[in-house]
Every structure is written in structure tokens, then in C-alpha cells.
Amino acid sequence: MKHIILCLLIPFACLAQRPAFPLKISENKRYFTDQAGKPFLYTADTGWQIFMQLTTEEAVEYMAFRQAQGFNTIQVQVVMAPEQVSRYGQKPFLGDVDFSKPNEAYHDHVARVIAKADSMGLLIVMSQPWLGCCKEGFGNTPEKPIQKNGPAKNRSYGRYLGRKFAKFKNLLWIAGGDNDPKTDRESLFAFIEGLYETAPKHQLITYHASPPHSSTDLFQYAPWLGFSFIYTYWREKPNDWVTGDLLPHVYEAALREWSKSDVMPFVLGEAQYEGSGAKKDNDMGVPQIVRRQAYWTMLCGGAGHAYGSDIWYFPPDWRDIMRYPGAYQMGHVVRFFEQIPWWTLAPDVRHQGVVSGYGDWAKPNYVTTAVSDDKRLLVSYLPQIGSVSVDFNYLTGSRFRVRWYNPQTGKFEKESTVDKKTTQRLGPVTGEDWVLLVEAI
């Protein structure tokens, strides 16, 4: 009933066709499709602690609301820290965090929520065991549970999870979790190998590394790596827990990933979160920042992106957090790209479509542009107000419709026609950021 009410209030995703799981990789290895061959634009929310902090009923409420906002994927952890207790009073392991003694009741709850997500047409992308960046996970606590359990028990637990959740077609996996393997390498590899051994091969596995590393920076040729996560915040932020260097902007990380010779789909697995931030050291972003991260990723060859907010740990006001403006604007991202064949776009890295006005590399004003393989479609994202010069001679066609999409409102607010094969300067005059859409007609 709650889902029906939400559909009446926010009908976006309720009208969408349910994907035919399991997902598979496209022929060109750049994006995901469902079993019917329909491109799947990975649009995730980071509801990491859903199994720990919510009941099954609350989890369904949360997922239904996110789906109505336009999300089709939820990124989760089986558990973030080994001693956490679920709302049902269950720990993930029996004994002293013994990987050879998984608590069946706890994992049954996880399975129930995944099944609910499947009935709604939602993809679950699940991490275990979470390494952690800041002494909060399985690999960075003083006790180091991953190492304490050793390779044999890690392999056994990986095999257990693969068998336990083998029936689900709407499930993918995340190895690692906010960190590179480091001293956890031997035991973590044993876990991944055990999971890969028993999980069905359609349950693709990625790796969540430390920023600014991507999955393929560490494991490009690993047989179990099915798709890649990129992970960065913004260049002005020092990456204190890795090197202290400035992180790359999302478009820098995405274009670097897109240009690799061993091609696989990549998504923005984590970036700057929207919100006030419960912790002083957890810098949070405004809606414009989370918008630009999504558009930068999609126009730099990405197969999708993940949005984050304070909801990741489900504080008492999580229902209010679901209504952050940036979350609704992720639905606008989906609405925009679903109007065009987004999977045919390739980054305009040589600036042949947009020939000037594209801003400065390594700066937040950088304009990202992508052009379809038939050159009848051009999309640019302007993260700041400005103008760009489009070379219509580079495009295919003799007449073009030019429209400006407002990523705050999800509406086209300016339209014109170009019927000369020439270079023209185009630009909006107000607002925060805009998407330029040029289509041959």
C-alpha cells in the first residue's frame, strides 16, 4: 500500500519497465543491459547500513521511496562493523566474530530484504566484509577481524555467502570497502576467491578501493572483476588517509577509467555526499555538487553513478533525509538520459564538438561533452554559467534542435534551431548549472 501511495505522489519509477534481471555486460563492454538487451543506467543510493539499522518493513519503505525518486540500485553492506547488532537483536556471527560461524538468522534477514528489492525491480549491490577507511570496519580496527580469521575461514565465509544468496538475480557484489587491501591482502583474496567460486557468474563483483583508486587500478586483470568502481571527491580536498595529495575531480577519474585499454563498465561508486554531516571530518556537499558528479560521470563514459547522503547510517531522521533536494535531482538525471540513446555517447576528449568555452582542466568549471557514435547527438554539462562554441560541422545532419535542460528542475527551459553548418556560441544566462542537448532533426 505504501508503494502504491508513493507512486501516486511521485510516479517516476512506478511507470518504468521493470528490468529483466540478471544484468549482463553490453557487447562493447561499456554499460549494463538487462536480459532483454535494454540498457540499464545504474542509478544507486548508498543505503549502506540498511540491514543493521532498519526492520524489513522499514527497508521496504525506504526502497520504495528511493525508487519513486528515480533510483534503481541500492548499495549496501551485509554489516559495516563485526560487532554491530541488527534491529532484531542479531549479530552477523556466532562466537567471537568467527567467520566459520555465520549467524543464519542474521543472513536470513539480509535475504528477505534482497527478495523484497527483487519484487520491486531494484538491483542490490552488496559489500562484505567492509575493510573501512577509518577504524570502523573489518580490516582497520585494532583487532583486524579479517586477519584474525585467516585465509581458510575467509574462504569458507566467501563460499557461504555465494551459496546463501545464489538464487538472487538482482544481486551484485562489492569486495573491499573504502580501502586498498594493504595488510589484509592474503585473507581478503581468500574471501573473494571463495565468493567467486560459489556465487553465480551473473553476480558480478567489483572492488571499492581507497580514493582516488579505481577497481582496475588495483585489479584490472583479476578474473573475478566484472565491473569497476571509481571513487573520488573533488580536487580541493586533501586525501589525508592515503597520501595527503589533492584528489582528482570526478571527470578526471572517469576519463582516466574510460581510456583504459582493458574495457569494462565503470560507475561512480562513491563521491561527495549531500547533507550536513554527522561527523566534523566528513565533508558534505550541496545539491549542485552531487548533480555535477552524476553528469560528469555519464558524459565521461560511465555506466552510472551512486548518490550519497547522511542516510547511509540511517539516523533517527532518515525519513527527512530521504527528501534532500539532491536526491530528487538524481531523478532528473535519469529522466534526461532516458530521453536519448545515452549508451551511444563517447566523451569528446579532443574538443571536436565543443571547440571552446570548455573551461579549465582540473578546475570545477570544466565542461564535459559527449557525442553519439553517429554524431547526430551532442550533450554538454556546464557546471557553471558560461557559454560554449559548438562546431556543427563536426556533427551529422543539416538542421539541429538546441535545448537547455535545467538539472535543478528537470525541465527544458530554452530551445532554438540551428540550420547552418558553422560554429556557434551557445549559452544560458541564469542559474547554477545547465545541460546542453543538440540533436539532428
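The values are calculated or read from the model by the stated rules, or taken from the named source; none is laboratory data. Keep in mind the model is a prediction, meaning the values are calculated, not measured. Here Cβ is always computed from backbone atoms with ideal geometry, including for glycine, and neighbour counts include all displayed protein chains.
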Taking region 156-196 on its own, how many of its residues are among the charged types (D, E, K, R) and in contact with a Leu (Cβ under 9 Å, 6 or more places away or on another chain)? 6
Before we move on, is ARG401 surrounded by fewer than 20 Cβ atoms within 10 Å (Cβ to Cβ), over 21 Å from ILE289 (Cα atoms) and without any contact (Cβ under 8 Å) to a residue 12 or more places away in the chain? no
Working only within region 311-343, note down all residues that are crowded, with 18+ Cβ neighbours inside 10 Å and either more than 24 Å from GLU58 (Cβ to Cβ) or of a type in the set (S, T, N, Q) (or both). GLN329, HIS332, VAL333, VAL334, PHE336, PHE337, TRP342, TRP343
Can you tell me which of SER119, SER127 is free of Cβ contacts under 8 Å to residues at least 24 places away in the same chain and within 23 Å of the chain's Cα centre (by Cα)? SER119
Name the residue that is nearest to SER26 (Cα to Cα), counting only residues in region 293-324 that are under 17 Å from the mean Cα position of the chain (by Cα) and β-branched (Val, Ile, Thr). THR297
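So that you can scan it fast, the table gives a plain yes or no per residue for (1) of a type outside the set (Phe, Trp, Tyr); (2) farther than 30 Å from GLU338 by Cβ:
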{"residue": "PHE40", "(1), (2)": "no, no"}
{"residue": "GLU61", "(1), (2)": "yes, no"}
{"residue": "SER86", "(1), (2)": "yes, yes"}
{"residue": "LYS91", "(1), (2)": "yes, yes"}
{"residue": "VAL113", "(1), (2)": "yes, no"}
{"residue": "ILE124", "(1), (2)": "yes, no"}
Mind checking which strands (runs of 3 or more DSSP E) fall wholly inside region 399-439 and carry at least 3 residues that are more than 31 Å from the chain's Cα centre (by Cα)? 411-418, 423-426
Within the set of pairs 6 or more residues apart or between chains, which connect a residue that is touching a residue at least 12 places away in the same chain (Cβ under 8 Å) and β-branched (Val, Ile, Thr) inside region 296-318 to a residue that is part of a loop (DSSP other than H, G, I, E, B) and buried (at least 24 other Cβ atoms within 10 Å of the Cβ) with Cβ atoms less than 7 Å apart? ILE311/GLY47
Which listed residue is surrounded by fewer than 18 Cβ atoms within 10 Å (Cβ to Cβ) and not in a helix (DSSP H, G or I), from LYS169, LYS148: LYS169
Can you say whether GLY397 is out of contact with any Ser or Thr (no Cβ under 9 Å at 6 or more places or on another chain), within 27 Å of MET330 (Cα to Cα) and assigned by TED's automatic domain parsing to the domain that holds GLY353, as far as the supplied structure shows? no
Quickly run through region 35-90 and pick out the residues that are in a loop (DSSP other than H, G, I, E, B) and either under 14 Å from the mean Cα position of the chain (by Cα) or at positive phi (or both). GLY37, LEU41, GLY47, TRP48, GLY70, PHE71, ASN72, GLY89
May I ask you to verify whether LEU299 is within 22 Å of THR396 (Cβ to Cβ), touching a Phe, Trp or Tyr at 6+ places or on another chain (Cβ under 6 Å) and surrounded by 21 or more Cβ atoms within 10 Å (Cβ to Cβ)? yes
Qualifying positions in region 38-62 - surrounded by fewer than 24 Cβ atoms within 10 Å (Cβ to Cβ) and acidic (Asp, Glu): GLU57, GLU58, GLU61
Pairs under 7 Å by beta carbon, first residue assigned by TED's automatic domain parsing to the domain that holds ASP184 in region 200-215, partner among the β-branched types (Val, Ile, Thr) and assigned to a loop (DSSP other than H, G, I, E, B), six or more apart or different chains? SER210/VAL242; PRO211/THR232; PRO211/VAL242; PRO212/THR232
How many of the residues in region 45-92 are acidic (Asp, Glu) and either within 18 Å of TYR328 (Cα to Cα) or in contact with a Cys (Cβ under 8 Å, 6 or more places away or on another chain) (or both)? 2
